[in-house]
Each structure stands twice: as C-alpha cells, then as structure tokens.
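Student: This structure is in structure tokens; I'll ask about it shortly.
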Amino acid sequence: MTDTMTQPIEVSAPPRAPRRSPLRAYLPLVGIAVLAVFLLVIAPAALSSFRLNNLGKYCCYAIAAVGIGLAWGRGGMLVLGQGLFFGIGAYAMGMHLKLEAAGPDAVPDFMMNFGSGVLPAWWEPFRSGPFTILAIVVIPAVVAGVLGLAVFKRRIKGAYFAILSQALTVAFAALLVSQIKYTGGQTGLNSLSTFFGYNLYDPVNKQMIYFIAAGLLVVMLLVTFQLYRSRFGELLVATRDAEERVRFLGYDPANIKVVAFVIAAVMASIGGAMFVPMAGLINPREVSALASIMLIAGVALGGRASLLGPAIGALAVGYGRTSLSESFPDQWTYFLGGLFIVVILFIPNGLTSVIPKAWRALASTQRTRTKVGEAA
C-alpha cells in the first residue's frame, strides 16, 4: 500500500499576469508630442490670425482643464469653482496691463469715472511685471491652500465640497460686479493695449502671445505626466479609491488633497492670466459659475481619467462654442448640450477612451484571424 502522505504534492504555478510593454507607460508623451506639433507648428501655419487667437483662448481654458483633470480625475475632487482661480490670475494680469496702458503714475480710466480718481494702495504693486507674475502663482496657491486645509481637514468631500467651491466662485463674481470703482464692475478691465511693453494690436506680438499660451499648455501636460508617475500620483489615486486605507498606512489624505487642489488652482490662474492678453479684456462673465461649469464639461467630454483628455475636451468645447455660435447664434447651446448628453450616455469615459477601445478591438480581431488561419 502506497503511503500517499509521502508522495510529493505538485503545486501548479499561479497564472502569470499579462506583461505590459514598458513603452506603453510613455504613450502619453507621444500624445503630448503630437499635440505640441499641432499647436506650435501646424496651427500657426494653417490658421488666420483671428482663428489662431481663438485657439490661444482655448489653450488657456485647456491649461485650467489639465489642473481639473489632476484634482477631479485622479483625486476625486469635483472642483466646480475653478473660475475663482481663473479669475484671480486673469484680474492680476488685467490690473498690470491696465496700469501699463494708463502710463506711469496714471490712474485707470474707470477709476476716474466711477471712483475718486486715486489709485488704491493694493493696486500699486501691480505696476511691476515681476510682482504680477509672482502674484499669479502665489495668491491662488495661498487661497487654495487655506481653503483646502479648512475643508479637507474636516473631511468635507463629494457634493458638499463641489457646492462650496461653486458658491465661492459665485461670490467672487458678485464681488467683482459690486466693486465697480476698483474692478470696473460688469464691464471689467478692458481697453488693454500692451503686454509687458509689446503692442497687443501688432499681429506678430499676438502670435508671440499665442506661442506662450500653447507652450505653457504643453509644459503643464508634461508636469502633470510626471506627477501621475510619481509617488504623489499613486497616493492621490489611492486617496480617491480608498481614503481610509491611506490613513491607516500613515499618510494624511487631507494633505494629499490640498497639494492637488493647490496645483490645480495655480494652473487655472496661469490659464486666466494668459487669457487676458489673448482676449484684450477680462470681466466677471469669464469667471462666473457658468464658466466653471464649461471647464468641467470640457474635462468630462475629453475624459477626466486620462492625461490628454481634459486638454482635448477643453479645446473641443472652446472650438464648439465659437463655431456653433457663428452658425447658429440662437441655437448653439442646444447643440452643445446635446453633444454632452450623447457623450455621457454612450462614452462615459470621454472621447479619449474611444481610441484605446478601438485599438483593443482591432488587436483582438487580428488575433482571432491569426488563430483561424493557423487552424485552417
């Protein structure tokens, strides 16, 4: 009788997970390179000055959208109030350009019409270009940091955070309208003629500003790509999916969220700052709750979970608003709304999710044909 206890037990090896190509992790860089070629080479050669300037505005929206993709797509924070930070950067830049247009020691025209004709003390530092650039980065970072610590340390999230962020944007827009003697009111800051000494009416300078905006978009995408691959990016996704486990491992999820929120705020502020010389003005309509919702809609349209999705979605929404409003002045909002409904119903992960699905379907079909051919 054979002793089964002494027989060796054969243990089958666990199935191996499919190996991912190391090059696949760098595919987003290929996408960034393609977008950079389109924005920096093809578009300037193919588009008129007017269309190129419009594309520059869309790039400004896309810069803010990249930050939303980081905070919402990777961090799970539905930031409905990015118009606040877009407006901070825009008005900081607008104040500098308004003072530059007025001339040395002069006062902006609306202060002469609606105010006392005396420049407020807090306007004075914005005569300096370096101070303005610093303010565009520091002020939104401080505001987002204070707000984020106050909210996330109290574990406020989800719909409550989204409503709070949008409420702050509404309050900011209302403040801009009410303080007409300091902000220009409903008309905002307009009649801007120069950009750090360069004439805004010169087509060459307009193109230079476009290249700056498009270049900044590419830089923001590269920064975000690196953040996604870093330890911080992994912690941000873990915080989104399993916040309590992250806390159990010794990390404070609130701090991780605050960092992502601050980065998104700075990106929105930079986008707003570059929007001003492209548009030649800034007013409360551009920083309202509706403007914030359009940014979110662009991110959702492109695909919030992907790197390029938010930027592509923002560019698409900007182009759609312009082209549809030109062809259908009264009905364009219905077409745009219908597009969003179709995408949400049939492509919930955004337009950028279509390409990987099509690629996998094509690869699967090719493998099936190969097996059939070998069997035959």
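The values are calculated or read from the model by the stated rules, or taken from the named source; none is laboratory data. Everything numeric here is computed off the predicted structure, so don't read it as measured data. Note: ideal-geometry Cβ built from the backbone for every residue, glycine included; neighbour counts use all protein chains shown. Heavy atoms of the whole protein, side chains included, go into the accessibility calculation; ligands, DNA and RNA do not. Shrake-Rupley method; radii C 1.70, N 1.55, O 1.52, S 1.80 Å.
Student: Counting only complete DSSP H runs, which helices of the chain cover 24 Å or more along their long axis at the Cα atoms and score a mean Kyte-Doolittle of 0.5 or above? Can you show the working numbers first?
Tutor: On the way: long enough: 49-68 (29 Å, 0.72); 82-102 (30 Å, 0.74); 129-152 (34 Å, 2.41); 159-178 (28 Å, 1.87); 203-229 (39 Å, 1.24); 253-279 (39 Å, 1.71); 309-327 (26 Å, 0.32); 354-375 (32 Å, -0.46).
Sorted by number, the helices that extend far enough and score high enough are 49-68, 82-102, 129-152, 159-178, 203-229, 253-279.
Student: In nm, to one decimal, how far is the Asn190 label point from the Ile156 one, both placed 7 Å along Cα→Cβ?
Tutor: Modelled inter-label distance: 3.6 nm.
Student: Given the DSSP H assignment, sum -39500 (n - 2.57) over each helix run of at least 4 residues in the chain and divide by its residue total; what's the result at 222 nm in deg cm²/dmol, nearest 500?
Tutor: Values: 16 runs with 251 residues, N = 376.
So the calculated ellipticity at 222 nm is -22000 deg cm²/dmol.
Student: Which one, (i) 6, 24, 33, 25, 10, 2, 0; (ii) 5, 21, 29, 22, 12, 5, 3, 2, 1, 0, 0; (iii) 5, 20, 30, 27, 15, 3, 0, gives P(r) over Cα pairs in 10 Å bins from 0, in percent as derived from the coordinates shown?
Tutor: Checked against the structure: label (ii).
Student: Among all lysine pairs in the chain that are eight or more places apart or on different chains, how many have alpha carbons less than 22 angstrom apart?
Tutor: Details: Lys57/Lys98; Lys57/Lys206; Lys98/Lys181; Lys98/Lys206; Lys153/Lys257; Lys157/Lys257; Lys357/Lys371.
Lysine pairs satisfying the spacing and distance rule in the chain number 7.
Student: When ligands, DNA and RNA are left out and all protein chains stay put, how many square angstrom of accessible area per residue does the chain have with a 1.4 Å probe?
Tutor: On the way: 19900 Å² over 376 residues.
With the other protein chains kept in place, the chain gives 53 Å² per residue.
Student: May I ask you to order 246-253, 274-281 by the average number of other C-beta atoms within 10 Å around their residues, highest value first? List each step's numbers first, then the result.
Tutor: Values: 246-253: 13.4, 274-281: 23.6.
Highest to lowest by the protection proxy: 274-281, 246-253.
Student: Between Glu234 and Ser353, what is the spin-label point distance in nm, taking each point 7 Å from the Cα along the Cα→C-beta axis?
Tutor: 2.6
Student: Which whole-number percentage describes the relative contact order of the chain, with Cα contacts under 8 Å and a sequence gap of 6 or more?
Tutor: Details: 525 pairs, mean separation 114.3, N = 376.
30 percent.
Student: While we're on this one: Taking the alpha-carbon centroid of each part, what is the distance from the range 226-245 to the range 302-356 in angstrom?
Tutor: That distance is 28 Å.
Student: How high is the relative contact order of the range 184-279? Use alpha-carbon pairs under 8 Å, at least six apart in sequence, and give a whole percent. Each step should come with its number before you reach the end.
Tutor: Values: 35 pairs, mean separation 29.0, N = 96.
Once divided by the residue count of the range 184-279, the mean separation gives 30 percent.
Student: Go through 25-34, 164-173 and give me the packing order, highest mean Cβ count within 10 Å leading. Can you show the working numbers first?
Tutor: Details: 25-34: 13.9, 164-173: 19.0.
So the order, starting with the most tightly packed, is 164-173, 25-34.
Student: In whole percent, and with a 1.4 Å probe on the protein chains, what portion of the accessible area of the chain is carbon and sulfur? Don't jump to the answer; show the numbers that get you there.
Tutor: Working: 13260 of 19900 Å².
Here it works out to 67 percent.
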